[in-house]
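Working notes, beginning with the structure itself.
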Amino acid sequence: MSKRIYLIDGNSFIYRMFFALPEFSTKDGRVVNATFGMAKFFVGQLVKENPDYIVFIKDAKGDNFRHKLYSEYKATRERMPDNLRSQIWDIEEMIAKMNIDIIEIPGYEADDVIGTLAVRLWNQEKNEIFILSWDKDLYALVNEQVKVYDTQKKKISGPEETFEKFWVWAECVRDYLAICGDSSDNIPGIAWIWPKKATVLLNELWTLEKIYETIDSIESIYTSLWEDVQKILKWKTLEKFIEGRENAFLSQKLATLDCNMELQDFDIEDYLFNPQEIQTTQLHDFFRELEFFSLLKDEEEKLKTWSDIWKKVQIVGDSEWLSDLLKKIKKAKRMVLDTETTSLNVREAELVWVSILLNENEIFYINRLHNWPHINTRELQNFIRKILESNIEIIWHNLKYDLQILESFLKDTSPKNAASSISNLWQTSLEL
């Protein structure tokens, strides 16, 4: 009987949670945004989806075989932010308190372990494998039974979705990365060869090896090459492929998952997921320690006001208060602005509220869609336009996303000066 198995790419997941949530801390200053995001995912979304098995895999510390092939592998990655590094121990302790084991194999990346498990497990009883990650190289594993699952967008990518993402089939993703490179892992690829050319070649020739076989014999078969390949493999592009041969095959090795690891004593039955076993007494005590009261069913009703989370936040729900807030803003030198929406997908997102911080004692929550007293759409549009037209310095948490949301929110009614303000902010954001 087939089973639903979740393979979680731990490092990718932790980073995504850290950057998805605004930074916040406990009363004593302990930063917990990534820890909270992970906790909420496990006890909320994961419990609802209820897979049969969960395997949580982390990158091992130190170099792996790819660093021996290429010393600059991942060299361009920024150092882990201190406020994320400080949460790693809390996250691992929390996962242990949920009775979920963590796999970490010295000398290997999580992606190799995931690849090995995916190949091993989908061959057994035709299981359904879901890889919870955002790494491009893992799409090479996709088939009818193995899928990549973006839990934030609630998007599951099978063969068709993988093709829509890369414009090549999953079997070609490795060689696509070998040609185009991958900046996140500092995989070089072939300089000045763009994705469109790579996809045409791979859809016709299928492999990097076949592309270079064609190049090596191009003088003798040039006239017989089919039209699309003939258009690409000539002039400067041909030169770039010839010059980039060494980098291409090096990049191919770097992008190749080791799916034949010897995972001794691994038994999928040890990773059986039981939603009831997650909610341990030790976990609840840990949630109280980190002040995650909203995740405790018996205490979730205790958080009813903003004062309960030790912030003096004023909820703006009528026109008079909104007008007073605008006056305060015009007197201030700078402000922090953030939006809350119904989705991370800009095309689908609705603006729920706007939060504004002038200083630690003046924090405002302008409600639009919650059932409390709220500001109507037209009033909020006018308010935002006036802010954008002013000279106040605005500090943003997620600039590009917020500008897209505000542009969409104002597009039907924005006068030229407000539209110009957004355009100028867009230009600034692109330069950052």
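Numbers below:
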{"read-out": "Pairs beyond 24 Å (Cα-Cα), from LYS74/LYS253; LYS97/LYS147; LYS196/LYS411; LYS136/LYS253; LYS48/LYS400", "value": "LYS97/LYS147; LYS196/LYS411; LYS48/LYS400"}
{"read-out": "Nearby lysines by direct alpha-carbon distance to LYS328 (threshold 20 angstrom, same-chain neighbours under 8 apart not counted)", "value": "LYS311, LYS312, LYS386"}
{"read-out": "Nonlocal amide H pairs with THR341, under 5 Å, H built at 1.01 Å", "value": "VAL352"}
{"read-out": "Beta bridges per DSSP with both ends in the chain, % antiparallel, nearest 5", "value": "45 percent"}
{"read-out": "Low-density loop cleavage sites - trypsin sites (Lys or Arg not before Pro) in region 177-273, where at most 14 other Cβ are within 10 Å (DSSP)", "value": "LYS234"}
{"read-out": "Sparse-neighbourhood loop sites, chymotrypsin sites (Phe, Trp or Tyr not before Pro) in region 146-190 - DSSP loop, at most 16 other Cβ within 10 angstrom", "value": "TRP167"}
{"read-out": "Histogram of C-alpha separations across the chain, 10 Å bin width, %", "value": "4, 17, 23, 23, 19, 10, 3, 0, 0"}
{"read-out": "Cβ charges +1 (Lys, Arg) and -1 (Asp, Glu), total dipole of the chain, debye", "value": "1900 debye"}
{"read-out": "Fully extended contour minus Cα-Cα distance, from TRP167 to LEU21, at 0.36 nm per residue", "value": "49.4 nm"}
{"read-out": "Calculated log₁₀ intensity ratio I(q)/I(0) where the Debye formula runs over C-alpha points of region 173-255, q = 0.23 Å⁻¹", "value": "-1.08"}
{"read-out": "Loop sites in region 184-281: GluC sites (Glu not before Pro), DSSP, at most 13 other Cβ within 10 Å", "value": "GLU262"}
{"read-out": "Listed residues LEU177, SER217, PHE249: farthest to the positive end of the dipole of region 173-255 (Cβ charges)", "value": "LEU177"}
{"read-out": "Dipole in debye (nearest 20) - region 120-185, about Cα centre, beta carbon charges: Lys, Arg +1; Asp, Glu -1", "value": "200 debye"}
{"read-out": "Over the chain: helical MRE at 222 nm, DSSP H runs n ≥ 4 each giving -39500 (n - 2.57), nearest 500", "value": "-12500 deg cm²/dmol"}
{"read-out": "Linear extension gain, LYS3 paired with GLU49, 0.36 nm per residue minus alpha-carbon span", "value": "15.2 nm"}
{"read-out": "Selection from SER408, MET17, GLY158, by position along the positive dipole direction of the chain (Cβ)", "value": "SER408"}
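We did not get these values from a lab; they are worked out from the coordinates using the rules stated. Please read these numbers as outputs of a predicted model, since none were measured by experiment. With ideal geometry, Cβ positions are generated from the backbone for all residues, glycine too; neighbour counts draw on all protein chains shown.
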